[in-house]
Amino acid sequence: MLKVAVIGAGIISCAHVEGYLRFPDRCKIVAVCDIFEQEAKRLIAQYKLKDAISCVDYKALIDMDIDLVSICTPTYTHAAIAAEMLRSGKHVLVEEPMAASLEECDAMITAAEESGKILSVVAQHRFRTPIMRLKSVLNSGMIGKVVHAQVDSLWWRGYCYYELWWRGAWEKEGGGSTLTHSSHHIDLLLWMMGKPLDVQAVMANTAHDNAEVEDLSITILRFPNGSLGQLTSSLVHHGEAQRMIFQGTEACIAEPWQVSATISKPNGLPERHPELEQRLNAYYESLPSLPYELHTGQIDDVLRAIEQGTRVLVDGESGKATMQLITAVYKSASLGTRVTLPLSADDPFYTRKGLLSNVLQFHRKQHTQPVPERSMKAKERSKTS
Ligand SMILES: NC(=O)c1ccc[n+]([C@@H]2O[C@H](COP(=O)([O-])OP(=O)(O)OC[C@H]3O[C@@H](n4cnc5c(N)ncnc54)[C@H](O)[C@@H]3O)[C@@H](O)[C@H]2O)c1
């Protein structure tokens, strides 16, 4: 029976607790930690965690008999907590984004290597049946070489979304749409396509002048085999029509699941290839459904890795790869250059301090009440027009 602690008792901690509670024969939660102890106590009461104690300082867990720690605190705290937990002999499942900088990701990976403990970074969307099936179809080679990958990570957030004191500040939130909303799509893109050679990005803040960060970025990626990718990360797209499209030499597949295959007429013009479309659909439908999805699926994976000595699906290197791409987007868009991956330790964007002093700042975060602010601006505009 593995003993688990949860650090950070906020919104996402519920997904972790619910995941652990699905495996009562394999693990039990023995501690919940939050700087606000009432939050830890509330979580314990909400889920009737009868074996769990509460505490306010995660360092209190160091000498406790604990096998696995879920870190569900704000991103800028992940690195220090993860390193200390790993070095005190505990396996770690840390929320995404992995950390606030590449330097911090490396410190976490080093702590995992030196302690010999497991570090897994949350990427719960890999543990969804449609995504696992899409990945299997890609791996099967049935669509041929992937020549183009398109990721539309499209979201919509109103102006007041950035009213919250910490949102939209580079120092506190670490980034805009690319980091906070597209990190899952970026993880999936890298998982499906591998790491790109380089990226060229532009970003803007088009509709949220109460945020320092971007609400729109467009990135072109070049992969080692000559394929191209495009990633749009947005908080300004009505309808939030998110999708991933992989164009192979033989056929195209997409998530949400869609297939289209074409063959050439004698004159080179396209003709539908229904037989291949049928085969792809049949293969997709034949693939098994996952027994556990999202956070529960990833927790199952981490528990199995501890119990059986297997590798986790999403390790520290995977979490860092996502941060590498996001940091490269910020560097490329801020400096107006193409950026080659990976960014090295002497890159100005490698540290949190370096990123903060080099990244594009769109607006100063100063509005606490956006509605009066906006109407004031509208009045000013009407005076000058
Ligand atoms: N996987 C996902 O889809 C997903 C979704 C939401 C949030 N997240 C990530 O989860 C993390 C937490 O986000 P959230 O929305 O739950 O935030 P939250 O603010 O609701 O919860 C964080 C909790 O951590 C506590 N905390 C802060 N510093 C602490 C410390 N040093 N020690 C102990 N407790 C501390 C806070 O008091 C708070 O209760 C972030 O990294 C976020 O990016 C991931």
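So for the stretch 27-39 (the condition being hydrophobic (A, V, I, L, M, F, W, C) and surrounded by fewer than 16 Cβ atoms within 10 Å (Cβ to Cβ)), does at least one residue qualify? Scanning the stretch 27-39, I find at least one residue that is hydrophobic (A, V, I, L, M, F, W, C) and surrounded by fewer than 16 Cβ atoms within 10 Å (Cβ to Cβ), so the answer is yes. Among the residues of the stretch 85-114, those that are among the aliphatic types (A, V, I, L, M) and either open to solvent by 10 Å² or more (accessible area, probe 1.4 Å) or assigned to a loop (DSSP other than H, G, I, E, B) (or both) comprise Met98, Ala99, Ala100, Ala107, Ile109, Ala112.
Looking across the stretch 55-76, the residues that are of a type outside the set (S, T, N, Q), within 9 Å of the ligand (Cβ to nearest atom), open to solvent by 30 Å² or more (accessible area, probe 1.4 Å) and closer than 24 Å to Ala123 by Cβ come down to Tyr58, Pro74, Tyr76.
All conditions but one from (1) touching a Lys or Arg at 6+ places or on another chain (Cβ under 9 Å); (2) within 13 Å of the ligand (Cβ to nearest atom); (3) under 20 Å from Lys172 (Cα atoms); (4) not β-branched (Val, Ile, Thr) apply to Ser101; the one that does not is (2). Residues in the stretch 254-294 that are assigned to a helix (DSSP H, G or I) and under 26 Å from Gly229 (Cβ atoms): Leu276, Glu277, Arg279, Leu280, Asn281, Tyr283, Tyr284, Leu294.
The residues of the stretch 19-35 that are within 13 Å of the ligand (Cβ to nearest atom) and in contact (Cβ under 8 Å) with a residue 24 or more places away in the chain, listed by number, are Gly19, Ala31, Val32, Cys33, Asp34. Within the stretch 189-228, the set of residues being within 16 Å of the ligand (Cβ to nearest atom) and either surrounded by 24 or more Cβ atoms within 10 Å (Cβ to Cβ) or among the acidic types (Asp, Glu) (or both) comprises just one member, Val213. Return a yes/no flag: does the stretch 123-136 have any residue that is crowded, with 21+ Cβ neighbours inside 10 Å and either part of a strand (DSSP E or B) or at pLDDT below 95 (or both). Taking every residue of the stretch 123-136 in turn, none turns out to be crowded, with 21+ Cβ neighbours inside 10 Å and either part of a strand (DSSP E or B) or at pLDDT below 95 (or both). Does Arg157 satisfy the criteria of being over 27 Å from Val359 (Cβ atoms), out of contact with any strand residue (DSSP E or B) (no Cβ under 6 Å at 6 or more places or on another chain) and either open to solvent by less than 10 Å² (accessible area, probe 1.4 Å) or at pLDDT 95 or above (or both)? Judged against the criteria, Arg157 is not a match. Go through the residues of the stretch 6-17 one by one and say whether even a single one is among the small types (Gly, Ala, Ser), at positive phi, within 15 Å of the ligand (Cβ to nearest atom) and at pLDDT 95 or above. Yes.
The values are calculated or read from the model by the stated rules, or taken from the named source; none is laboratory data. From a predicted model like this one, the values you see are computed outputs, not experimental measurements. Note that each Cβ is placed from the backbone with ideal geometry, even for glycine, and that neighbours are counted across all protein chains shown. Quick note on the areas: whole protein, heavy atoms, side chains included, nothing else; ligands and nucleic acids left out. Shrake-Rupley method; radii C 1.70, N 1.55, O 1.52, S 1.80 Å.
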